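One structure is given below, encoded as C-alpha cells.
What follows is calculated from the coordinates using simple rules that are stated; it is not laboratory data. All of these numbers come straight from a predicted model, not from anything done at the bench. Cβ: placed from backbone, ideal geometry, glycine included. Neighbour counts: every protein chain shown.
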Amino acid sequence: MKIAVYPGSFDPVTNGHIDVIERALKIFDKVIVTVGDNPEKGPTFTTEERMEMLKESTKELKNLEIDSFEGLLLDYVKSKDSKIIIRGLRAVSDFEFEFQRALMNRVVNNEIETIFIMTKENYVYLNSSIVKEMAMFGSKLNGLVPEIVEKKLREKFSKS
Ligand code: ADP
C-alpha cells in the first residue's frame with residue numbers, strides 16, 4: 001500500500017491545496033494531509049481550526065486522513081509507514097525553497113522521496129496569505145477557497 005504524506009500550514013486550506021490532494025489520491029492508495037506550523041509564519045487559525053476546515057472541505061474524498069504533526073517531518077512520515085512526501089508546486093518562486101527542503105530531507109533520510117504535484121492553472125497564483133488579505137478587506141473569494149473556509153474567514157475578520 002502506497003501511503004503519501006502531504007504536509008503544510010494550510011492556514012487556511014485553499015482550492016489549490018484541494019486540487020493537489022485530489023491529484024495525489026489518483027496516484028497513491030492513501031493520502032495523509034498533515035497540519036504543521038511553519039516557524040516563519042505565525043498562524044491565523046489554530047491547528048484544530050485548520051484541521052476542521054480541511055475535514056469539512058474534503059469529506060467526500062475517500063482514502064484520505066487529516067492529521068497534524070509537531071517536530072521533524074521525516075520522523076512523522078516514518079511513523080505513518082510512508083516513504084513519500086507530497087508538495088505542491090506553483091510558480092518558479094516555490095522552486096528554490098522546495099528544492100532545498102527536499103534535498104535536505106534526502107540527506108537526512110535517503111529512503112523518503114519528495115514528489116511535486118503541479119496545480120491546475122487557475123490556482124497558480126493562489127496562496128493562503130493572499131486569500132486572508134482579500135478576506136480582511138471584505139473581498140469575495142468565489143472559487144478560491146472551499147465554502148467553509150470563506151465562512152470562517154468572514155467570522156475571523158469581522159471580529160477583529
Ligand atoms: P507551507 O507553509 O508548509 O509551505 P502551505 O500551506 O503554504 O504550507 O503549503 C503547503 C503545500 O501546498 C506547499 O507544498 C505549497 O507549495 C503547496 N501549495 C500551496 N498553495 C498551492 C496552490 N495554490 N497550488 C498548488 N500547491 C499549493
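Just flag the trypsin sites (Lys or Arg not before Pro) in the stretch 125-160 sitting in loop per DSSP whose Cβ has no more than 11 other Cβ atoms within 10 Å. Mind dumping the intermediate values first?
Values: sites: 132, 140, 151, 152, 154, 156, 159; in loops: 140.
Sparse-neighbourhood loop trypsin sites (Lys or Arg not before Pro): 140.
Could you grab the relative contact order for the stretch 3-124? Cα pairs under 8 Å, six or more apart, rounded to a whole percent.
Worked out over the stretch 3-124, it gives 32 percent.
Any chance you could give the angle, 0 to 90 degrees and rounded to 10, that helix 47-57 forms with the longest Cα principal axis of the chain?
Orientation of helix 47-57: about 80 degrees from the principal axis.
Rounding to the nearest 10 and keeping the result within 0 to 90°, find how far the Cα-based axis of helix 147-159 lies from the longest principal axis of the chain.
Roughly 60 degrees, rounded to the nearest 10.
Can you list the equivalent-ellipsoid semi-axes of the chain, largest first and in whole Å, using the square root of 5 times each Cα gyration tensor eigenvalue? Walk me through the intermediate numbers first.
Values: eigenvalues 135, 54, 48 Å².
Working from the Cα gyration tensor, I get semi-axes of 26, 16, 15 Å.
Compute a Gaussian network model of the chain, connecting alpha carbons closer than 10 Å, and tell me which residue from 138, 16, 88 fluctuates the most.
138
Count the lysine pairs in the stretch 3-124 that are 8 or more places apart or on different chains: how many have C-alpha atoms under 20 angstrom apart?
Taking the stretch 3-124 as the scope, the lysine pair count is 14.
Would you grab the residues whose amide H sits under 5 Å from the one on residue 118? Only those 5+ places off in sequence or on another chain, please, with H modelled 1.01 Å from N.
89
Mind listing which trypsin sites (Lys or Arg not before Pro) in the stretch 30-80 are in a DSSP loop and have 15 or fewer other Cβ atoms within 10 Å?
Numbers: sites: 30, 41, 50, 55, 59, 62, 78, 80; in loops: 41, 59, 62, 80.
Those satisfying the criteria are 41, 59, 62.
Hey, got a sec? Which GluC sites (Glu not before Pro) in the stretch 1-74 land in a DSSP loop and have at most 16 other Cβ atoms within 10 Å?
Filter output for the stretch 1-74: 40, 60, 70.
For the pair residue 97/residue 60, report the inter-label distance in nm, with labels modelled 7 Å from Cα in the Cβ direction.
A separation of 3.1 nm, rounded to one decimal place.
Computed FRET efficiency, Cβ-Cβ of residue 46 and residue 110, R0 45 Å: what is it to the nearest 0.05? Don't skip to the answer; put the middle values down first.
Details: r = 35 Å, r/R0 = 0.78.
That gives a FRET efficiency of 0.80.
Kindly express, to the nearest 10 degrees and within the range 0 to 90, the angle between helix 92-108's C-alpha long axis and the longest C-alpha principal axis of the chain.
Roughly 40 degrees, rounded to the nearest 10.
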